[in-house]
Protein chains: 2
Amino acid sequence: MTGSRSTSADVARRAGVSRATVSYVLNGRTDQSIPLSTRNRVLAAARDLDYVPHAASRALRRGTSNLVLLINAGVPWSTNVTDVEDELTALVAASGRSLVVWRRPGAAALQGMLADLEPCVAISMDTLTSEENNLLGRLSVPLVAADLAAPGTGLPTELQIDRLAGQGHHRIAYLTTSDRALQRFAAPRTDAIVAACVRRGLPEPLIAGVPGGLTVDVAAVARQLVGWLDGRDPVTAVSCFNDLHAAACLAAASDLRIEVPTELSVIGLDDDIFAPLTRPALTTVRLGPQHFARHLWSLARHQLGETPAPAAFTPTAHIVERASVTAPPPSPFPKR
Amino acid sequence: MTGSRSTSADVARRAGVSRATVSYVLNGRTDQSIPLSTRNRVLAAARDLDYVPHAASRALRRGTSNLVLLINAGVPWSTNVTDVEDELTALVAASGRSLVVWRRPGAAALQGMLADLEPCVAISMDTLTSEENNLLGRLSVPLVAADLAAPGTGLPTELQIDRLAGQGHHRIAYLTTSDRALQRFAAPRTDAIVAACVRRGLPEPLIAGVPGGLTVDVAAVARQLVGWLDGRDPVTAVSCFNDLHAAACLAAASDLRIEVPTELSVIGLDDDIFAPLTRPALTTVRLGPQHFARHLWSLARHQLGETPAPAAFTPTAHIVERASVTAPPPSPFPKR
DNA sequence: TCCACATGCTGACACGTGTCAGTGAATCTC
DNA sequence: GAGATTCACTGACACGTGTCAGCATGTGGA
């Protein structure tokens with residue numbers, strides 16, 4: 001008897017009522033009239049027996065579970081990702097559901113996972129393959145995916161250029177990743193940088209991708225820097241794909257004895273955990289991961305039919321002013 | 001008809017057999033004799049209908065799910081954590097189960113989560129509260145938790161001292177965190193540092209904790225450095241709780257115009273993502289997150305009754321030699 | 001010829017829950 | 001006081017699966 005978990009039948013027996021009544025009380029149904037006395041008796045019995053409803057039977061009966069699945073495909077890592085995860089966890093918990101994160105090992109693994117766990121809605125921080133989309137559709141699991149090319153996605157990079165141009169920089173380079181798997185994220189940012197420069201009447205930025213997603217090759221960055229700083233119209237500022245690339249840029253500059261920010265300004269993106277610890281401390285753009293998480297969740301709730309469709313996402317981002325950006329050095333070749 | 005998902009009854013109808021036969025075929029039972037022809041007919045029908053077994057009913061019937069829950073409580077973040085998560089995901093998937101990660105928002109949240117998801121085993125990277133342990137026990141969910149004070153846990157810090165002492169350092173300081181929530185992790189390392197120094201006949205290390213778990217206060221670190229380097233027997237090397245603290249130490253040294261490594265050696269722990277990007281590049285200790293994940297999984301499989309109890313965990317770790325550690329400067333007060 | 005046994009398959013049950021129609025009693029309405 | 005309505009509660013079903021006893025049919029041995 002002991003050792004085995006208690007079911008709603010046990011609670012009913014202890015409270016001296018039927019199982020149906022127990023279910024009505026514990027699910028707080030208002031269309032059934034239940035006097036306070038029996039209500040309290042049921043609640044007391046449930047508490048005494050440490051009753052926890054059986055997740056599987058509940059899901060079976062209701063046709064859908066209370067689980068929200070966050071699919072974490074190959075998103076380039078930053079503290080922002082865990083910030084989004086934490087905020088989503090809180091939001092989902094507040095709605096009486098639970099969020100779990102699945103680190104997708106590969107595109108083919110989804111089917112196996114769905115045979116073990118049927119979420120009521122799936123949220124992906126990335127765009128999935130069409131096979132995965134089809135699979136979710138066949139199992140009628142609604143999917144919410146962040147649109148990587150949505151209007152407004154360019155805001156953070158726009159802010160980078162804003163800051164550099166505001167300090168008087170003219171000749172700007174953009175350091176990004178050449179990692180193929182990251183191009184989904186990198187390409188829109190590169191486009192946004194070019195557009196931002198054009199819009200401000202700046203010359204087109206010099207763009208270079210370096211290999212390595214999680215480990216940036218400092219030597220490759222150094223070679224780029226040499227190229228960019230060479231010649232009669234040298235670059236005075238480098239805007240970077242993320243803080244990791246910016247840190248690599250600071251390291252390369254240090255190796256080349258280029259002083260940041262007096263000779264070269266560097267700006268990052270993410271306000272990652274190590275950004276305040278570089279020397280000079282990294283000026284960067286802070287995204288609003290909580291804001292993003294709230295948007296994802298409102299999309300999900302819309303899919304669940306609980307709320308009307310939310311407005312289009314307007315990202316939030318702001319400059320975090322530190323020490324790696326300043327006005328450019330006086331040019332030896334004055335313009336015009 | 002279309003739009004609704006197909007069940008094993010649909011597969012049975014299409015293959016012209018009973019539901020029991022379908023179940024036998026799809027679960028690959030060997031004790032039932034099923035000729036190849038019907039077997040293939042069933043498999044073809046399942047494929048045609050895109051049959052995916054219903055997770056909830058399967059779990060209800062079998063009494064337990066195929067889900068492994070990784071409880072990620074307030075572990076100080078580093079790429080090691082995601083490395084462990086990824087390795088565990090792969091191991092669990094290889095056993096026909098699925099791993100999901102739950103970022104615990106608070107100690108009281110576990111019950112709500114367990115009402116939505118009943119794992120066959122739970123793995124925690126941290127020690128849980130006794131209430132949480134009791135709860136899991138009552139629901140008979142086996143729990144595997146990393147023992148933070150197990151013998152051998154001190155190996156990484158031991159290696160730090162090894163490296164510093166091997167270079168001739170004598171007067172060593174230990175920079176750790178004073179964050180209360182992190183003391184579970186920090187205290188054993190501090191003990192290990194002291195023991196390692198004593199064992200080598202070094203003087204007891206100077207120990208200081210600085211506030212901030214994810215954001216280390218560089219100014220506080222700088223004040224410590226000033227104290228440590230003052231006086232007639234100054235510290236020549238700083239061993240750090242993790243790479244984040246080491247990066248803060250490098251930043252503080254830079255602010256104080258102390259040259260690393262010529263005037264002061266600094267060693268980190270974790271080989272975090274930014275460790276190769278500091279200047280000087282950080283010498284640190286690389287843990288074996290995959291090795292750790294494999295141990296956790298073998299413990300879990302033992303709990304599931306599939307394997308005998310594994311041997312005690314022997315952590316793996318090795319020095320990653322970069323540029324922040326070198327021999328100490330010649331002392332103005334020669335020993336003895 | 002009869003029994004024993006293997007083969008190939010099926011009907012029926014159970015898991016624990018949520019829900020709906022229904023039931024006896026009490027109360028209200030005219 | 002008969003009928004209508006509300007109150008408080010219950011019995012029975014369904015969700016989709018895994019499993020087990022059992023049922024024909026063939027096959028071999030004595």
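The values are calculated or read from the model by the stated rules, or taken from the named source; none is laboratory data. Please read all numbers here as calculations on a predicted model, not as lab measurements. Positions of Cβ are generated from backbone atoms using ideal geometry, with glycine treated the same way; all protein chains shown enter the neighbour counts. Quick note on the areas: whole protein, heavy atoms, side chains included, nothing else; ligands and nucleic acids left out. Shrake-Rupley method; radii C 1.70, N 1.55, O 1.52, S 1.80 Å.
Details
Yes or no, residue by residue, for (1) over 20 Å from residue B:270 (Cβ atoms); (2) open to solvent by less than 40 Å² (accessible area, probe 1.4 Å):
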| site | (1), (2) |
| --- | --- |
| B:142 | yes, yes |
| B:151 | yes, no |
| B:163 | no, no |
| B:180 | yes, no |
| B:204 | yes, no |
| B:216 | no, yes |
| B:228 | yes, yes |
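- Evaluation of residue B:42 against (1) among the β-branched types (Val, Ile, Thr); (2) out of contact with any strand residue (DSSP E or B) (no Cβ under 7 Å at 6 or more places or on another chain); (3) facing chain A (nearest Cβ under 10 Å) (one fails), failing number: (3)
- Residue A:49 vs. criteria closer than 29 Å to residue A:17 by Cβ, more than 9 Å from chain B (Cβ to nearest Cβ) and not acidic (Asp, Glu): yes
- Taking the criterion of being more than 10 Å from chain A (Cβ to nearest Cβ) and assigned to a helix (DSSP H, G or I), the residues of the stretch B:63-83 that qualify are B:80, B:83.
- Residue within the stretch A:231-239 that is charged (D, E, K, R), closer than 24 Å to residue A:162 by Cβ and at pLDDT 95 or above present: no
- Exclusive hit being touching an Asp or Glu at 6+ places or on another chain (Cβ under 6 Å), within 16 Å of DNA strand D (Cβ to nearest atom) and closer than 25 Å to residue B:97 by Cα, set A:55, A:115, A:73: A:55
- Taken over the stretch B:13-25, residues that are in contact (Cβ under 8 Å) with a residue 24 or more places away in the chain and either within 10 Å of DNA strand C (Cβ to nearest atom) or surrounded by fewer than 16 Cβ atoms within 10 Å (Cβ to Cβ) (or both) amount to 4.
- Tally, over the stretch B:1-17, of residues that are within 12 Å of DNA strand D (Cβ to nearest atom), assigned to a helix (DSSP H, G or I) and not basic (Lys, Arg): 5
- Of residues in the stretch B:91-126 being open to solvent by 30 Å² or more (accessible area, probe 1.4 Å) and in contact (Cβ under 8 Å) with a residue 60 or more places away in the chain, the one farthest from the chain's Cα centre (by Cα): B:95
- Listed by position, the strands (runs of 3 or more DSSP E) contained in the stretch B:84-154 that have at least 3 residues being away from chain A (no Cβ under 11 Å) are B:121-124, B:143-145.
- Test for residue B:176: is it in contact with a Cys (Cβ under 9 Å, 6 or more places away or on another chain) and either of a type outside the set (S, T, N, Q) or in contact (Cβ under 8 Å) with a residue 40 or more places away in the chain (or both): yes
- Residue B:60 passes every criterion in (1) modelled with pLDDT under 95; (2) open to solvent by 40 Å² or more (accessible area, probe 1.4 Å); (3) within 9 Å of another protein chain (Cβ to nearest Cβ) apart from (1).
- Unmet requirement for residue B:50, which otherwise passes all of (1) closer than 25 Å to residue B:102 by Cα; (2) more than 12 Å from DNA strand C (Cβ to nearest atom): (1)
- Listed here are the strands (runs of 3 or more DSSP E) enclosed by the stretch A:215-318 that have at least 2 residues being within 14 Å of another protein chain (Cβ to nearest Cβ) and touching a strand residue (DSSP E or B) at 6+ places or on another chain (Cβ under 6 Å): A:284-287.
- Selection within the stretch A:18-47: residues that are under 22 Å from residue A:66 (Cβ atoms) and among the aliphatic types (A, V, I, L, M). The member of this set that is nearest to DNA strand D (Cβ to nearest atom) is A:20.
- Within the stretch A:2-9, one or more residues are modelled with pLDDT under 95, within 11 Å of another protein chain (Cβ to nearest Cβ), open to solvent by 70 Å² or more (accessible area, probe 1.4 Å) and within 13 Å of DNA strand C (Cβ to nearest atom).
- Among the residues of this structure, residue B:190 does not count as one that is of a type in the set (Ser, Thr, Tyr) and closer than 23 Å to residue B:273 by Cα.
- Inside the stretch A:180-214, residues that are within 14 Å of chain B (Cβ to nearest Cβ) and assigned to a strand (DSSP E or B) make up a count of 1.
- Restricting B:167, B:160, B:224 to residues that are more than 20 Å from residue A:277 (Cβ to Cβ) and at pLDDT 95 or above narrows the list to B:167.
- Filtered residue count, the stretch B:26-43, keeping only those that are more than 6 Å from DNA strand C (Cβ to nearest atom) and either of a type outside the set (Lys, Arg) or not in a helix (DSSP H, G or I) (or both): 11
- Some residue of the stretch B:79-90 being within 16 Å of DNA strand D (Cβ to nearest atom), touching a residue at least 12 places away in the same chain (Cβ under 8 Å), under 39 Å from the mean Cα position of the chain (by Cα) and crowded, with 18+ Cβ neighbours inside 10 Å: no
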